[in-house]
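The values are calculated or read from the model by the stated rules, or taken from the named source; none is laboratory data. Bear in mind the structure is a predicted one, so any value in this text is a computation, not a measurement. Because the Cβ atoms are built from the backbone with ideal geometry, glycine has one as well, and the counts that use them run over all protein chains shown. Note: areas computed on protein heavy atoms with side chains; ligands, DNA, RNA excluded. Shrake-Rupley method; radii C 1.70, N 1.55, O 1.52, S 1.80 Å.
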Amino acid sequence: MRREGRNLVVAIDGPAGAGKSTVARQVSKDLGYIYIDTGAMYRALTVKALRQGIILSDEAALSRLAKETEIRLTYQDHTQAIIMDGEDVSVAIRTPQVSQNVSLVARVPGVRTEMVELQRRLAQKGGIVMDGRDIGTFVLPEAECKIFLTASARERAMRRARDLEASGYEVDIDELEKEIATRDRIDSTREMAPLQQASDAILIDTSDMSFNEVVDKIKEYIRQTQRNSFMGLE
Ligand code: DC
């Protein structure tokens with residue numbers, strides 16, 4: 001998968017709260033790439049499952065739901081909206097209830113098969129930054145740039161707390177840290193495409209880095225990859 005110039009495929013993976021989406025959004029904006037938030041897709045399906053009262057251990061029901069649900073991403077001025085069956089669920093996917101339950105939906109193989117198909121279709125033309133858990137290892141193993149972004153569980157809990165507080169939620173940091181650890185465990189131990197650093201991904205621990213430092217580091221890595229690919233080194 002070699003592309004000229006700017007149309008690379010960039011995969012950013014890592015655990016919850018490592019800052020993937022804010023960083024990926026900024027990098028794609030700066031480079032004129034399209035940002036694809038794959039977590040939002042699993043969240044959208046979780047919204048629907050919760051609304052329908054589906055028991056989240058019922059894998060067959062969740063697989064059926066994934067098959068019959070239409071999920072789309074739309075963009076306006078670099079802002080991504082997630083559309084489920086024609087409804088904009090960009091706000092609904094961010095509630096604590098969805099965050100607490102989404103891992104249970106995302107671990108179902110039938111759900112993942114549907115989402116991965118959609119993600120691969122979206123990546124076909126290149127010029128994208130896709131973030132998730134299994135992008136570099138499973139969804140787009142041929143991506144030219146792979147980044148595994150992480151931070152300590154405490155730091156991630158503190159960042160999530162700031163976001164939630166800004167949206168008007170009351171938070172308990174210890175509880176959040178526990179929730180994050182639980183999600184990490186479910187995401188890393190599931191059978192299909194678990195959260196894992198790809199062997200050819202660069203690791204960035206953002207615990208002690210500023211947002212701009214992380215963005216700059218990733219952009220430099222992408223530019224370097226473009227230069228190498230232009231010179232035929234990769
Ligand atoms: O990144 P996020 O918090 O919005 O992700 C929501 C959930 O979806 C999380 O539990 C992990 C899961 N997920 C996944 O399994 N694979 C992806 N590519 C993206 C997210």
Could you tell me how many of the residues in segment 14-37 are within 10 Å of the ligand (Cβ to nearest atom) and of a type in the set (Lys, Arg)? 1
Which numbered condition residue 98 misses (of (1) within 13 Å of the ligand (Cβ to nearest atom); (2) at positive phi): (2)
Count - residues of segment 185-208 that are loosely packed, with under 15 Cβ neighbours inside 10 Å and within 15 Å of the ligand (Cβ to nearest atom): 4
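Which residue, of 40, 24, is hydrophobic (A, V, I, L, M, F, W, C) and more than 19 Å from residue 211 (Cα to Cα)? Give the derivation first.
Numbers: 24 fails: more than 19 Å from residue 211 (Cα to Cα).
Going through 40, 24 in turn, just one is hydrophobic (A, V, I, L, M, F, W, C) and more than 19 Å from residue 211 (Cα to Cα): 40.
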Residues located in segment 23-36, provided they are outside any helix (DSSP H, G or I) and either among the hydroxyl-bearing types (Ser, Thr, Tyr) or open to solvent by 10 Å² or more (accessible area, probe 1.4 Å) (or both): 32, 33, 34, 35
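Okay, residues lined up against (1) under 16 Å from the mean Cα position of the chain (by Cα); (2) open to solvent by 90 Å² or more (accessible area, probe 1.4 Å):
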position	(1), (2)
70	no, yes
76	no, yes
82	yes, no
87	no, no
92	no, no
98	yes, no
120	yes, yes
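Here is a yes/no grid of residues against (1) among the charged types (D, E, K, R); (2) within 13 Å of the ligand (Cβ to nearest atom); (3) under 19 Å from the mean Cα position of the chain (by Cα):
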position: 137; (1), (2), (3): no, yes, yes
position: 154; (1), (2), (3): yes, no, no
position: 166; (1), (2), (3): no, no, no
position: 173; (1), (2), (3): no, no, no
position: 210; (1), (2), (3): no, no, no
position: 216; (1), (2), (3): yes, no, no
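Please specify each residue of segment 149-163 satisfying the condition of being out of contact with any helix residue (DSSP H, G or I) (no Cβ under 7 Å at 6 or more places or on another chain) and either assigned to a helix (DSSP H, G or I) or basic (Lys, Arg) (or both).
Within segment 149-163, 155, 159, 162, 163 qualify.
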For residue 161, all conditions in the list (1) surrounded by 18 or more Cβ atoms within 10 Å (Cβ to Cβ); (2) within 13 Å of the ligand (Cβ to nearest atom) hold save one; what is the number of the exception? (2)
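Could you list, in sequence order, all residues of segment 81-95 that are more than 10 Å from the ligand (Cβ to nearest atom) and under 19 Å from residue 186 (Cβ atoms)?
The first filter runs over segment 81-95 and keeps only residues more than 10 Å from the ligand (Cβ to nearest atom), leaving 81-92, 95.
The one that is more than 10 Å from the ligand (Cβ to nearest atom) and under 19 Å from residue 186 (Cβ atoms): 95.
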Specify the residue that is farthest from the chain's Cα centre (by Cα); the eligible residues are those in segment 218-234 that are open to solvent by 90 Å² or more (accessible area, probe 1.4 Å) and touching a residue at least 12 places away in the same chain (Cβ under 8 Å). 230
